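Here the structure is laid out as structure tokens; the discussion comes afterwards.
What follows draws every value from the coordinates through simple rules; no lab data is involved. As the structure is a computational prediction, the values presented were derived from the model and not from experiment. Cβ: placed from backbone, ideal geometry, glycine included. Neighbour counts: every protein chain shown.
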Amino acid sequence: MGRSGTGLGWSVAGFGIVIAAIGVALLFDSGDDTAAIRPATSTSAPAITPAPVVTAPATTPAPATIAPTVAATTTVPATTVSATTTLPIAAATTTSTSAPPPNPAAAVEAFFESFSAAIQAGDETFLSSHLSPLVLERYDGAACDAQLADLQIPQGSVEYVEIVEVGAWDWTTDDITRTIEAVTTVKTRTTSDGTTFDDTESHVIVDDNGFVYWFTDCGSPKGGAL
């Protein structure tokens, strides 16, 4: 067998080895030691006709459509709304149905006018209803009722002049003294015959409703009374 060292490629067919190298064909036949050298037959490949170039007709671009411009942000006219709605406020004044606070001076003056009329007429009901409860703590109620029933001075009167002061007063009868708060001391003119008058001081209590209470001595005090 023959071997060529061109190193370009090997092809094995039957008992022969064909080596193609640079246009020379070496044929080694196993039965013949003589190598015939023939020029390699050159086979030209048929010419390749280039395909005709087809030129596509030019495409006329469509006229550009211009979109109308729209503002990206549409501003809506703002409506101003007051954060605080002020409602008409009704008058804050509330009409009170209660009577105004009494005028102490007027209440005391009215009391002495009624008191004078009561002692002249012997009106036990009026005199008893205005007697201070403190009197009944010192004296027995029956003793006071008996005394008031006999109290009638047809020409007697106690006339109001003015209020001297309002404050603590020491009420003393039958050697018993009791200090009473918020007593109204009143300057008065008293008479038992309607002609002779004495300047005196009388003491009364006026409550929050303008009701007036008076004091008197009903005789013998109760045991342990104040």
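Observations, loosely collected:
- Extension gain, V166-N103: 0.36 nm per intervening residue step, less the Cα-Cα distance, totals 21.3 nm.
- Alpha carbon Rg of segment 124-226, scaled by the compact-globule rule 2.2 N^0.38 Å: 1.11
- Computed from phi, the 3J(HN,Hα) profile of segment 151-160 under the Karplus parametrisation 6.51, -1.76, 1.60 (θ = phi - 60°) reads 7, 8, 10, x, 9, x, 6, 10, 9, 6 Hz, with x in place of Gly and Pro.
- Chain lengthening between L136 and R189 when straightened (0.36 nm per residue, less Cα-Cα): 16.4 nm
- Ratio Rg/Rh [Cα only; Rh per Kirkwood] for segment 169-226: 1.03
- Among 195-201, 151-157, sorting by the average number of other beta carbon atoms lying within 10 angstrom of each residue, highest first, gives 151-157, 195-201.
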